[in-house]
């Protein structure tokens, strides 16, 4: 796997700040997120193993960043397979592998190269329109990928673009 692999899931979205957009086999979400060390510690405080990994893998001073997150959940299973964090300082994306009954967490985080790929939000929207089934399969979502209807996803991505632009601001 490329990127960094964590044994802890990404911080869950704040539901009241997340706009969900149904898209057939998947549900897309748009959220403006502000990460800070205190909120991350609070998220993982009830799981000592997750908290220990967070502390061990955090940079000096902890993770601090903000920006738009685009979530991709399986509509039937509710698993978040993909997350795109269009952050100010360290934009990146996640393959959150569906490991099934084992309960193991495989959170593959890949840094985004804005020099090579341009504006990350535009790149994300393009991936959702043209690469979604392949990306879902890479995260263990084969059955979800098989149910993706490109026309349904394209219409939902138009809504995601409007919502992301609105929460991101000028």
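We did not get these values from a lab; they are worked out from the coordinates using the rules stated. Predicted model, so just to flag it, every value in this text is computed and none were measured.
Tabulated results
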read-out	value
Relative contact order of the chain, defined on C-alpha pairs under 8 angstrom at six or more residues apart (%)	26
Relative contact order %, the range 11-102, counting alpha carbon pairs below 8 Å whose residues are six or more apart	25
Computed P(r) (all Cα pairs; the range 1-56; 5 Å bins; percent)	4, 15, 21, 18, 18, 16, 6, 1
Most mobile listed residue (29, 140, 61) in the chain, GNM with C-alpha springs under 10 Å	61
Taking N as its residue count, the alpha carbon Rg of the chain over 2.2 N^0.38 Å	1.00
Quotient of C-alpha Rg and 2.2 N^0.38 Å, computed over the range 30-131	1.15
